[in-house]
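Single-structure report; data block below.
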Amino acid sequence: MRTAQIPTLAVTIGDPSGVGPEIVARLFGSFHPERSRALLVGAPAGFGPWRERFGLDAPVGRTSAEAFVSPKTTVAILDTGVDDPFAPGRESAGGGRHAGRAIELACELVNNRSVAGIVTAPISKKSLNLADFHYPGHTEMLAQYLNAPHCQMMMVTDGLRVVPLTRHVPIRDVAGEITEDRIFTCVRETAAALRRVFGVATPRIAVAGLNPHAGDGGVIGHEEDDVIGPALRRLREEGLDIAGPLPADAMFQSAAAGMNAGAPPHDAYIAMYHDQGLVPFKMLAQRRGVNVTVGLPVIRTSVDHGTAFDIAGQGVAETESLFEAYKLAESLALLQTRNEGRK
């Protein structure tokens, strides 16, 4: 397949104080994609010693045209121009500036239609904010830069898809963030992504309650009766196949049993808050999970782990999640290209 016919994916290197540049250099030092082109977005200074250590011999340019010096080039580096200092293993404005500028450039490439997708290595939210990128995470920053206010975070592995209704919200504030409008948006965007991105014709979606035992009829909280249940009834009236509100523990136990039998019983599972969904997801994914942002005008995947400051600079970080994220983005981009060709 000629490179002119295959999608280009922007891969941001994340916060250089963490393991992002290390896992990017390690993966693409040995992996040369055949069905896509990888444009690694990050300054040479951000990569530090990892390019040489892992044999990442890729051309560097200040534009994608400069970086891809040959039609045969499938891995190249887009220099962000950032040279701010940073220190492995701790937050800093410099690390946040490297990470934030890489995300900005990736979004510019999307808006210029130069790339078919974005794959992101982990960032530090504190460092991002120290560098004056005032966002609680990747998803919110991408939503702003790509004008997609209703996008959702979907965690994906082996047929299991988990969407947290609220993301980076303190536990004490979660109940106040659960509104009918938020539920409508999350469920509708999830159903649309299942159809458009994953090819699920009639999505089946399970929704967790907020409280233990989904409130137990109002004995352990009223959110299920007052907000979640009424919202789901209205969505069912729209023709959506939705189960819930369900006790979260039983919901994920059923999902795990379904995975062991070949496929989960639902196409997506919506949790009310971050850890309610991501703890069982990560236990089942075992480092093979992928974070997919749905509702953007472009494919975006990411690793399902953080910066791992505790092992930064040691050369021991693993690449499984990044590899899964890249391969999923590649597959979805190729599927999108084929679908557009049929129109």
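Only one entry in 66, 91 is more than 22 Å from residue 133 (Cβ to Cβ) and of a type in the set (Asp, Glu), namely 66.
Only residues that are open to solvent by 20 Å² or more (accessible area, probe 1.4 Å), among the charged types (D, E, K, R) and modelled with pLDDT of 80 or more were counted in segment 325-343, giving 1. The residues of segment 169-203 that are closer than 26 Å to residue 221 by Cα and either free of Cβ contacts under 8 Å to residues at least 24 places away in the same chain or exposed (fewer than 15 other Cβ atoms within 10 Å of the Cβ) (or both), listed by number, are 170, 171, 172, 173, 176, 177, 179, 181, 182. Mind checking whether some residue in segment 285-294 is among the polar types (S, T, N, Q), touching a Gly at 6+ places or on another chain (Cβ under 8 Å) and either under 23 Å from residue 185 (Cα atoms) or touching a residue at least 12 places away in the same chain (Cβ under 8 Å) (or both)? No, there is no match, as no residue in segment 285-294 is among the polar types (S, T, N, Q), touching a Gly at 6+ places or on another chain (Cβ under 8 Å) and either under 23 Å from residue 185 (Cα atoms) or touching a residue at least 12 places away in the same chain (Cβ under 8 Å) (or both). Is segment 170-183 home to any residue that is under 19 Å from residue 139 (Cα atoms), of a type in the set (S, T, N, Q) and out of contact with any strand residue (DSSP E or B) (no Cβ under 6 Å at 6 or more places or on another chain)? There is no residue in segment 170-183 that is under 19 Å from residue 139 (Cα atoms), of a type in the set (S, T, N, Q) and out of contact with any strand residue (DSSP E or B) (no Cβ under 6 Å at 6 or more places or on another chain).
Matching residues to (1) among the aliphatic types (A, V, I, L, M); (2) under 21 Å from residue 37 (Cβ atoms):
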| site | (1), (2) |
| --- | --- |
| 107 | no, yes |
| 110 | yes, yes |
| 137 | no, no |
| 147 | no, no |
| 154 | yes, no |
| 166 | no, no |
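Do you know which of the residues in segment 136-159 that are over 20 Å from residue 334 (Cβ atoms) and of a type in the set (Ser, Thr, Tyr) is most open to solvent (accessible area, probe 1.4 Å)? Among residues in segment 136-159 that are over 20 Å from residue 334 (Cβ atoms) and of a type in the set (Ser, Thr, Tyr), the one most open to solvent (accessible area, probe 1.4 Å) is 145. Taking the residues in segment 298-324 that are open to solvent by 60 Å² or more (accessible area, probe 1.4 Å) and touching a residue at least 12 places away in the same chain (Cβ under 8 Å) as candidates, determine which candidate is nearest to residue 163 (Cα to Cα). So the residue we want is 305.
Here's the yes/no breakdown for (1) within 25 Å of the chain's Cα centre (by Cα); (2) among the aliphatic types (A, V, I, L, M):
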{"residue": "235", "(1), (2)": "no, yes"}
{"residue": "254", "(1), (2)": "yes, no"}
{"residue": "269", "(1), (2)": "yes, no"}
{"residue": "274", "(1), (2)": "yes, no"}
{"residue": "292", "(1), (2)": "yes, yes"}
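The values are calculated or read from the model by the stated rules, or taken from the named source; none is laboratory data. Keep in mind the model is a prediction, meaning the values are calculated, not measured. For neighbour counting, all protein chains shown are included, and Cβ atoms are generated from backbone atoms with ideal geometry for every residue, glycine included. Heavy atoms of the whole protein, side chains included, go into the accessibility calculation; ligands, DNA and RNA do not. Shrake-Rupley method; radii C 1.70, N 1.55, O 1.52, S 1.80 Å.
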